Amino acid sequence: MNPRHILALVPIALAGSIGPVLAHHPMGGETPGTLATGLLSGLGHPIIGVDHLAFVIAVGLAAAFTGHRLLSPLAFVAATVAGCLLQVAGTVLPAAEFVIAASILLLGGIVLSGRRIASPALLGLFAVAGLFHGWAYGESIVGAEPTPLVAYLAGFSLIQYAIAAGSGYLVLRVWNAADRHAIHPRLAGAVIAGIGLTFLIENLEGLLLA
């Protein structure tokens with residue numbers, strides 16, 4: 001399949017999957033108790049939560065525009081591990097859902113712009129957002145034994161990096177095959193920003209109607 005066609009399917013799949021998905025919990029609410037269930041839960045969590053998946057894809061796309069496609073996503077992945085451990089340790093990050101939604105909106109906008117962002121600024125965004133995304137991941141593993149916890153961390157680290165690196169590779173293939181000023185390789189950013197805006201509005205409505 002043409003890389004352009006694959007890239008076009010990414011935002012469509014994301015937009016079509018907005019909605020409640022097992023409360024972002026691959027094990028249906030059960031805390032992983034073994035290495036296998038911890039690994040499977042870690043692999044699944046960033047995929048079944050469309051907000052997290054949108055941001056991970058956006059990380060790869062934004063990193064591709066910096067010239068550090070393979071290295072930049074590591075800052076995000078490392079921060080998600082730190083954020084998860086904060087959750088496990090009982091540390092509360094304020095307004096996490098709002099920060100997560102806002103981070104998706106912001107990074108989607110950056111991808112849409114197609115501009116090369118200075119690496120330190122982008123790494124800072126990845127690190128801050130990663131803490132909050134990882135903190136949300138941690139809800140699925142609180143109370144688990146060390147073995148499934150380590151497997152969970154390994155699982156979501158591997159899948160996030162694979163998705164980010166793959167997204168970056170794909171967008172560069174499309175971008176290099178097209179006019180560098182063309183908009184279509186960056187349209188995924190518009191949909192990602194739309195997803196972030198949707199979640200941000202949902203959170204605001206929940207706060208106002210609570």
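The values are calculated or read from the model by the stated rules, or taken from the named source; none is laboratory data. Keep in mind it's a predicted model, so treat the numbers as computed, not measured. Every residue, glycine as well, gets a Cβ built from its backbone with ideal geometry; the counts of neighbours run over all protein chains shown. Calculation scope for accessible area: heavy atoms of the full protein, side chains included, ligands and nucleic acids excluded. Shrake-Rupley method; radii C 1.70, N 1.55, O 1.52, S 1.80 Å.
How do the peptides 199-205, 91-97 rank, highest first, by the average count of neighbouring beta carbon atoms within 10 Å per residue?
199-205, 91-97
Can you work out the Karplus-derived ³J(HN,Hα) for every residue in segment 145-158? Use 6.51 cos²θ - 1.76 cosθ + 1.60 with θ = phi - 60°, whole Hz, and x for glycine or proline.
6, x, 5, x, 5, 5, 5, 5, 4, 5, x, 6, 5, 5
Quote to one decimal, in nm, the extra length available between R116 and Y169 on full extension: 0.36 nm per residue of separation minus the C-alpha distance between them.
Result: 17.5 nm gained on full extension.
For segment 24-117, what does the relative contact order come out to in percent, with C-alpha contacts under 8 Å and a separation of six or more?
32 percent
Keeping every protein chain present and rolling a 1.4 Å probe, give me the accessible area per residue for segment 93-177 in Å². Could the numbers behind the result be given before it?
Working: 3470 Å² over 85 residues.
On a per-residue basis, 41 Å².
Starting from the 7 Å offset along Cα-to-Cβ, what nm value, one decimal, do you get for the label separation of L207 and A82?
Going from the L207 label point to the A82 one covers 2.5 nm.
Hey, rough spin-label estimate for L197 and A36, points 7 angstrom out along Cα→Cβ, what's it come to in nanometres?
4.6 nm
Run the quick spin-label model on E145 and L187: label points 7 Å from Cα toward the beta carbon, then report their separation in nm to one decimal.
5.0 nm
Hey, if you drop one equal point scatterer on each alpha-carbon of segment 93-147 and run the Debye formula without solvent, what base-10 log of I(q)/I(0) do you get at q = 0.28 Å⁻¹?
For the requested q values the scattering log ratios are -1.12.
May I ask you to give the percent of accessible area on segment 55-146 that is carbon plus sulfur, with a probe radius of 1.4 Å? Before the final figure, lay out the partial values.
Numbers: 2570 of 3570 Å².
Here carbon and sulfur together make up 72 percent of the probe-accessible area.
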